[in-house]
1. Per residue of the range 4-9, in order, report the coupling 6.51 cos²θ - 1.76 cosθ + 1.60 (Karplus, θ = phi - 60°) as ³J(HN,Hα) in whole Hz, putting x for Gly and Pro.
2. Around Leu50, what is the net charge, scoring Lys/Arg as +1 and Asp/Glu as -1 over all other residues with Cβ under 15 Å from its Cβ?
3. Could you go through the range 32-45 in sequence order and give the Karplus-derived ³J(HN,Hα) for each residue, using 6.51 cos²θ - 1.76 cosθ + 1.60 with θ = phi - 60°, rounded to whole Hz, and x for Gly and Pro?
4. Considering only the other residues whose Cβ falls under 14 Å of the Cβ of Ile3, what net charge follows from Lys and Arg at +1 and Asp and Glu at -1?
5. Here are labelled values, [x] 3.7; [y] 4.5; [z] 5.1, and one is the computed mean projected area of the Cα convex hull in nm² for what I pasted. Which one?
Amino acid sequence: MEILRTPDECFANLKDYRFEPHYTNIRTADGSDLRIHHLDEGLADGPLVLL
């Protein structure tokens, strides 16, 4: 699998995007690692929102 990644500096100082980066690494069937970005915001005991 060919994995493309946008350089982190492309996401620096995005207007109106004040979220901290959080990443999860996932191993693919062919042994490659995918780095998936996700948001981890809000109250720890608040409702889960999954998009």
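1. Per residue, the Karplus-derived 3J(HN,Hα) values read 10, 9, 6, x, 4, 5 Hz.
2. -2
3. Couplings: 6, 9, 9, 9, 9, 8, 9, 9, 10, 10, x, 6, 4, 9 Hz.
4. Result for the local shell: 0.
5. [z]
No value in this document is a laboratory result; all are computed from the given coordinates. It should be emphasised that the depicted structure is a prediction, and the values quoted were computed from it without experimental measurement. Please note: Cβ atoms are built from the backbone with ideal geometry, for glycine as well, and neighbour counts cover all protein chains shown.
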